[in-house]
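Asker: Got a structure for you, written out below as structure tokens; questions coming shortly.
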Amino acid sequence: FDKEAKKARFDFTIDGSQSFSIRLTPSFEVEDPQRDIIGSAANRAMYEYINRENKAKKQVQDINKRLKSDDTKVKDEAEKEMALLTKEMTEFEKRAYETGKQYRFIQLVKMFNGPEVPDEVEDKPLYYRTHYWDGVDFSDHSLVYTSDLFNKMNVFFFGILYHSETDTVCRYADMLFHKIEKDTLMMRYFMDYIMPKYYRSTRNIGWDATWCHLVREYYLKGKCPWASESELTNKRQTVEFLEQSL
């Protein structure tokens, strides 16, 4: 291997069979999963999905360039291609979920891809926010060791809900935390990340109110058993101080 190759990395999954081989291209890619992966159906399913997704991303980039064209004909053709590709990828994902549902990678992809919004729904953003966590199995504690759960949490609170009013943020936070409030590990995972960001944020109006709500609803009601007495005392005093000027 040359110096660049030593820096390269590739993913594989150990799911069932622990004896398998994967043949890579010089750029550390699996060119043909059926041919290049021996002894692991889980890795074949993973790379078939990854390769199709990567191909679709390149197709989207090409289509997007043509969508910016001033030529009406070129633009119309690009729009048709995009609609066809969207339909094709939707069908591909459904097949992948069904045929590979026993494999960990496919399970994670389905779990973290987000909810599928029905065409007949009028308020699609509202539906998406409300059902954002529906597919996540919070009883599976191995999720806290993946980047997927962290990314989904970060996007939800500091992407989707970033510009929302305090009441809206608190409502959706409650919808999530009521699902996991009896699960100490999951509660701590979420609270340890989002609480410091909401605490006395000078850039975002209303974030201190969100912090106060979460403290009163979860810490001061005994739903965060990892918190020490001194931490609870400190949070109680801070809430009482902040609430005077909310």
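The values are calculated or read from the model by the stated rules, or taken from the named source; none is laboratory data. Predicted model only: the values in this text are computed from it and were never measured. So basically every Cβ, Gly included, is an ideal-geometry build from the backbone, and we count neighbours across all protein chains shown. The accessibility values were calculated without ligands, DNA or RNA, using every heavy atom of the protein model including side chains. Shrake-Rupley method; radii C 1.70, N 1.55, O 1.52, S 1.80 Å.
Asker: What accessible surface, in Å², does a 1.4 Å probe find on residue 14, ignoring ligands, DNA and RNA and rounding to the nearest 10?
Answerer: Approximately 110 Å² of residue 14 is accessible to the 1.4 Å probe.
Asker: Net charge near residue 67, counting Lys/Arg +1 and Asp/Glu -1 over other residues with Cβ under 9 Å of its Cβ?
Answerer: +3
Asker: What net charge is computed for the residues neighbouring residue 108, neighbours being all others with C-beta under 14 Å from the C-beta of residue 108, Lys and Arg scored +1, Asp and Glu -1?
Answerer: Taking every Cβ under 14 Å from that of residue 108, the sum is -3.
Asker: Taking Cα pairs under 8 Å and at least six residues apart, what relative contact order does the chain come out at, in percent?
Answerer: Relative contact order of the chain: 10 percent.
Asker: Of the candidates 94, 65, 57, which one comes out as most mobile in a Gaussian network treatment of the chain with C-alpha springs shorter than 10 Å?
Answerer: 65
Asker: Express the accessible area of the chain per residue in Å², computed with a 1.4 Å probe while the remaining protein chains stay in the model.
Answerer: Here the residues of the chain average 64 Å² of exposed surface.
Asker: A further question follows. If each of residue 221 and residue 144 carries a label point 7 Å out from its Cα toward its Cβ, how far apart are those two points in nm?
Answerer: According to this spin-label approximation, the distance is 2.1 nm.
Asker: Averaging sequence separations of C-alpha pairs under 8 Å and six or more residues apart, then dividing by the length of segment 31-87, give the relative contact order as a whole percent.
Answerer: 22
Asker: Shifting gears a bit: For residue 192 and residue 53, what is the calculated FRET efficiency with R₀ set at 45 Å and r taken between the beta-carbons, to the nearest 0.05?
Answerer: 0.90
Asker: At a 1.4 Å probe, what is the % contribution of carbon and sulfur to the accessible area of the chain?
Answerer: 50
Asker: Additional query: Which residues does the label zone of residue 154 cover in segment 174-211, counting backbone N under 14 Å from a point 7 Å along Cα→Cβ?
Answerer: From segment 174-211, the list is 193-194, 197.
Asker: Per-residue ellipticity at 222 nm for the chain, helices alone: DSSP H runs ≥ 4 residues times -39500 (n - 2.57), over residue total, nearest 500 deg cm²/dmol?
Answerer: -18000 deg cm²/dmol
Asker: Next up: Quote the FRET efficiency, to the nearest 0.05, computed for residue 82 versus residue 230 with a Förster distance R0 of 45 Å and r equal to the Cβ-Cβ distance.
Answerer: Working from the Cβ atoms, E equals 0.20.
Asker: Also, I was wondering about something else. Mind checking which lysines have their Cα closer than 22 Å to the Cα of residue 73? Skip sequence neighbours fewer than 8 apart in that chain.
Answerer: Leaving aside lysines fewer than 8 places away in the same chain, those within reach of residue 73 are 58, 65, 87.
Asker: When a/c is below 1.5 the answer is rounded, else prolate if a/b is larger than b/c, else oblate, so apply that to segment 78-129 with a ≥ b ≥ c taken from the square roots of the Cα gyration tensor eigenvalues.
Answerer: In terms of gyration-tensor shape, oblate.
Asker: Roughly how many Å is it from the Cα centre of segment 215-236 to that of segment 100-114, as a whole number?
Answerer: Value for the Cα centre distance between the two parts: 35 Å.
Asker: Taking the simple approach of a point 7 Å from Cα along Cα-to-Cβ for both residue 91 and residue 201, what is their distance in nm?
Answerer: A separation of 4.3 nm, rounded to one decimal place.
Asker: Treating each Cα of segment 1-109 as an identical point scatterer and ignoring solvent, apply the Debye formula and state log10 I(q)/I(0) at q = 0.18, 0.19 Å⁻¹.
Answerer: Taken in order of the listed q values, log10 I(q)/I(0) reads -0.94, -0.99.
Asker: Which length gain, in nm to one decimal place, applies between residue 9 and residue 64 when the Cα-Cα distance is subtracted from 0.36 nm times their residue separation?
Answerer: 16.9 nm
Asker: While we're looking at this one, here's another question. Which FRET efficiency value, to the nearest 0.05, is calculated for residue 119 and residue 75 with the Förster distance at 25 angstrom and r the Cβ-Cβ distance?
Answerer: 0.55
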